[in-house]
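See structure below.
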Amino acid sequence: MTRLPLFVGWLSLWLLTTGSGIEIYQVALAERPHIPAIKVNSPPKIDGDLNDEAWQTAAKVTGFWRTDRDQLAEEQTEVLICYDDTAIYVAFICHDSQPNLIRAQQRKRGGAFQSDDFITINIDPLNQPLVGGGNFYAFSVNPLGTQNEWVPGGAAEKIEWRGDWQARAKITEKGWQVEMAIPFRIFRLPRKPSAFALWFSRSVPPPRLEDSTFPYRRGQAVSNTAEGGPLDLPKFKSPMLFMPSTSLLMGEAKRGIRTGLDAKQHLPNGLQWQMTLNPDFYNIEDVVETIDFTYTSRFLPDRRPFFSEGWGYFPPPFMFYSRLVEDVLAGTKFFGRVGRTSVGILGVYETHSHLTLASRLSYNLDKKWSVEGNYAHRTGTGRFPAYRLALNGNIPSKNDWLWNLGGDWVYGGADAWSLYFGRFSNTPGRLHFFLNYGEIGDYRPSIGFKPEVNFKEFIGNLAYFDRYEKGTVLYWGSFAFYHRRRFRGGLKKGQLLDQNENLGAFVTGRKGWSISSAYNKYRRPPFLDRTFHLGCL
């Protein structure tokens, strides 16, 4: 039980001091682009036109680079950005030599854009970019003006609860353009924000398929972002938001009138506070579970606002599965990021006298390495509190490679541990891989989701992707996945629990056609399942 933490410790020390033999490539701070923060007296009208006076004085960003080649994008993009005391205003001008090929189908807010042209602005109000991630808020728009956003750590589905912003788009003879207004009240801001980390992206779907960004270039550290500042903002006092509820219960188990209250507020240090009293979870639209066969119970996300807000700041589901918390009487939580530290603390009291506690603390040693600790427990279950220590690294190297490695140790009535290692790249024509090995004993967490325990497992994944500038085929790829579990102890020690093998390939033509196929073989003694998929478009 003690060998794994010592091994992870020595491994991390060796990697930090020697780089594990990897040629680490770091972008010098002097190379980080600076975008001047232009403050305007009169904000632009968000209508898709760019005739407002604010855009004439706004800062201008040009020079988008392809993510798969070390060259400027064929279809260039310009970004205009300014701000006032209440919001950031952003305009994208997407030049297109073939505007008749602009694709825009998605009309549902929050829907996927994979088949559409779309642009994205990523904003880190803490101005602390990290390799392979960070505290970025992402705001995306397609040529129809359909909006999509990502809040760090996750947010509730209700727009009024997560924060609203404006966007309008228009297709023109030379391409398409977007206007956006993003209020500062959406962000969890530090006490005195002086600059934001920014990066911009544009996606052109097949059959042309071109992804471009500013300021990232192939071969640079993926933490390379622009800095927008200095900002001249007034002292913010975030309002407290309330969501009262009243419902009439007519079920067999519960009858009568139920009243409740939810509240949240962004604190001045970049954290968010939230509370709930006697919440109405019965009228929340839940996940629609598909009807199919599974060998074990399935994991489902939790859409209840109190739990979905900031879920990424709390322990993983195998330690803290919030759907196990049922009839809540009262609860409170704090979460967010302050400097290099991310934190999440939650406490919930149920009507059946269960008390649930969950916490996660993560610290970034530098741009590449982070360590974290987790705790979760629900009283009155007869099971064990869960503890976790973890180390994770994202190391950029020359030629546009990103190495991902780390490990964790968990205890919840019995120990569990894992180590993982992978290599990835944005450049086509390369073989990616990911390897994971772990063991778990008779793990019995009081509030975690782990339907099967007592096994050793190995996971291996290979993937290849390539694209062509000329010819009938635009791009193609293939993948292979292998997952094997054997019993760790007991009467079946060493015997196979299950084994999953998956092979697949896909190809897309320059005229828009695509073919995909996949073969899956799943063995779980005494059962053997085989499936084959073939798709054409």
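The values are calculated or read from the model by the stated rules, or taken from the named source; none is laboratory data. What you see is a predicted model, and the numbers here were worked out from it, not measured in a lab. Because the Cβ atoms are built from the backbone with ideal geometry, glycine has one as well, and the counts that use them run over all protein chains shown. To get the accessible areas, we keep the full protein, side chains included, count just its heavy atoms, and leave off ligands, DNA and RNA. Shrake-Rupley method; radii C 1.70, N 1.55, O 1.52, S 1.80 Å.
With an a/c value of 1.5 or above and a/b larger than b/c for the gyration tensor axes a ≥ b ≥ c computed over the alpha-carbon atoms, segment 407-460 is described as prolate.
Relative to the Cα centre, the charge distribution of the chain, modelled as +1 at Lys and Arg Cβ and -1 at Asp and Glu Cβ, gives a dipole magnitude of about 1360 debye.
Amide H contacts of L267 (H built 1.01 Å from N, in plane; Pro and chain starts excluded): Q272, W273 sit under 5 Å, all sequence-distant by 5 or more or on other chains. Each residue of segment 120-125 was assigned a 3J(HN,Hα) from its phi angle through the Karplus curve 6.51 cos²θ - 1.76 cosθ + 1.60 (θ = phi - 60°); the sequence is 9, 10, 10, 10, 10, x Hz, with glycine and proline shown as x. Of the listed residues K470, K60, the order by accessible area with a 1.4 Å probe, largest first, is K470, K60.
Other residues lying with their Cβ under 14 Å from the Cβ of E372 contribute a combined charge of +3, Lys and Arg counting +1, Asp and Glu -1.
Think of a 1.4 Å ball rolled over the protein heavy atoms: segment 261-380 then has 45 Å² of accessible area per residue. Using just its DSSP H runs of length 4 or more, each adding -39500 (n - 2.57), the chain gives a mean residue ellipticity at 222 nm of -1500 deg cm²/dmol after division by all residues. If the viscosity is 0.692 mPa s and the temperature 37 °C, what Stokes-Einstein diffusion coefficient in µm²/s follows for the chain when Rh is the Kirkwood radius over Cα pairs? It comes out at roughly 127 µm²/s. Taking all Cα pairs closer than 8 Å and separated by 6 or more residues, the relative contact order of segment 316-401 comes to 21 percent. Per residue, the solvent-accessible area of segment 110-176 (1.4 Å probe, heavy atoms of protein chains only, all protein chains present) comes to 37 Å². Residues whose amide H comes within less than 5 Å of that of A414, counting only those at least five positions distant or on another chain, are R444 (H built at 1.01 Å from N in the peptide plane). What the phi angles of segment 421-434 give under the Karplus curve with 6.51, -1.76 and 1.60, with θ = phi - 60°, is a coupling list of 7, x, 9, 9, 7, 8, 7, x, x, 10, 8, 9, 8, 8 Hz, glycine and proline written as x. In terms of accessible area, using a 1.4 Å probe and ignoring ligands and nucleic acids, M319, M275 rank largest first as M275, M319. When the charge dipole of the chain is built from unit charges on Cβ atoms (+1 for Lys and Arg, -1 for Asp and Glu) and taken about the Cα centre, the candidate among F334, Y375, G477 whose Cα reaches farthest toward its positive end is Y375. The mean sequence separation of alpha-carbon pairs under 8 Å and at least six residues apart, normalised by the residue count of the chain, gives a relative contact order of 10 percent.
Take the solvent-accessible surface of the protein heavy atoms, probe 1.4 Å, and return the percent of it on segment 25-105 that carbon and sulfur atoms account for. Numbers along the way, then the final one.
Details: 1940 of 4200 Å².
Using a 1.4 Å probe with all protein chains present, segment 25-105 comes out at 46 percent carbon and sulfur.
Of the residues G154, N127, A104, the one whose Cα sits farthest towards the positive end of the charge dipole of segment 98-162 is A104 (charges of +1 on Lys and Arg Cβ, -1 on Asp and Glu Cβ, taken about the Cα centre). This model, with +1 at the C-beta of Lys and Arg and -1 at the C-beta of Asp and Glu, gives segment 418-527 a dipole about its Cα centre of some 140 debye.
Other residues within the sphere of radius under 13 Å centred on the Cβ of L329, judged by their own Cβ, net out at -3 (K and R +1, D and E -1). Of the cross-linked pairs K192/K264; K368/K398; K60/K235; K192/K368; K174/K470, those separated by over 18 Å at the C-alpha level are K192/K264; K60/K235; K192/K368; K174/K470. Sequentially through segment 231-248, phi angles give Karplus couplings (6.51, -1.76, 1.60; θ = phi - 60°) of 8, 10, 10, x, 5, 7, 10, 5, x, 8, 9, 10, 9, x, 9, 9, 9, 9 Hz, Gly and Pro residues having no value and appearing as x. Which of rounded, prolate, oblate describes segment 38-147, given a ≥ b ≥ c as roots of the alpha-carbon gyration tensor eigenvalues and a/c under 1.5 marking rounded, otherwise prolate only if a/b is larger than b/c? It is rounded, given that a/c, with a ≥ b ≥ c, falls under 1.5. Amide H contacts of G63 (H built 1.01 Å from N, in plane; Pro and chain starts excluded): T77 sit under 5 Å, all sequence-distant by 5 or more or on other chains. The local environment of D442, defined by Cβ-Cβ distances under 10 Å, has a net charge of +1 under the rule Lys, Arg +1 and Asp, Glu -1.
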